[in-house]
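So the structure is just underneath, and the comments pick up after that.
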Amino acid sequence: MRISSWKIVCLICLIMAVLLSGCLGERVSPQTSDQPPVIFVDYQRTGGIGGVNDRVVIFDNGVTLVSTRKMTTEIALNETELREINSLFTTSDFLALEGNYTSGRGGADLLQYRIIYYGKTVRTEDTAIPARMQPVIDEMNRIVSETLITARAGSPLPHIIP
């Protein structure tokens with residue numbers, strides 16, 4: 001009789017294991033790492049009498065690298081800021097712009113701009129900026145300026161890279 005009670009205990013354990021495994025839900029395969037962020041905007045301003053070399057690289061997740069001749073730092077833009085920047089590019093009809101807007105004269109005191117938005121590159125300079133593109137340039141310059149002001153004020157900037 002001991003054998004049969006042992007069989008009953010094993011059978012009950014087996015039934016419980018089957019019932020409990022059904023309560024665990026579907027098995028989900030482990031997630032691989034998320035896709036790397038995509039470059040949303042790559043802006044560069046160079047030249048001028050002072051030898052400006054500013055760059056803003058904005059990724060679609062809001063991570064933004066701002067670099068000048070003196071510093072490089074990482075800041076984070078929120079969803080609202082990303083939408084506003086996207087709106088500027090949409091309003092300017094950036095993707096329909098030609099690839100090059102220059103005067104052909106050149107000059108040491110002119111600032112040159114290279115803007116890449118979702119892979120579309122447009123180059124221009126101070127004397128030849130299309131009017132509809134000016135708000136985009138103004139916004140990118142604002143990001144550089146505010147980052148510099150914050151750095152000069154001694155406010156901590158996240159991830160300052162020497």
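Some observations on this one:
- When residues in segment 64-75 are screened for being touching a strand residue (DSSP E or B) at 6+ places or on another chain (Cβ under 6 Å) and either in a loop (DSSP other than H, G, I, E, B) or not polar (S, T, N, Q) (or both), 6 of them pass.
- Applying the condition of being surrounded by 14 or more Cβ atoms within 10 Å (Cβ to Cβ) and in a helix (DSSP H, G or I) to segment 146-162 and asking which residue is modelled with the lowest pLDDT yields 151.
- Residues being touching a Pro at 6+ places or on another chain (Cβ under 8 Å) and part of a loop (DSSP other than H, G, I, E, B) - total across segment 76-130: 2
- Among the residues of segment 97-123, those that are basic (Lys, Arg) and either at pLDDT below 90 or farther than 21 Å from residue 48 by Cα (or both) comprise 105, 120.
The values are calculated or read from the model by the stated rules, or taken from the named source; none is laboratory data. Everything numeric here is computed off the predicted structure, so don't read it as measured data. When we count neighbours, we look across all protein chains shown, and the Cβ atoms used for this are built from the backbone with ideal geometry, even at glycine.
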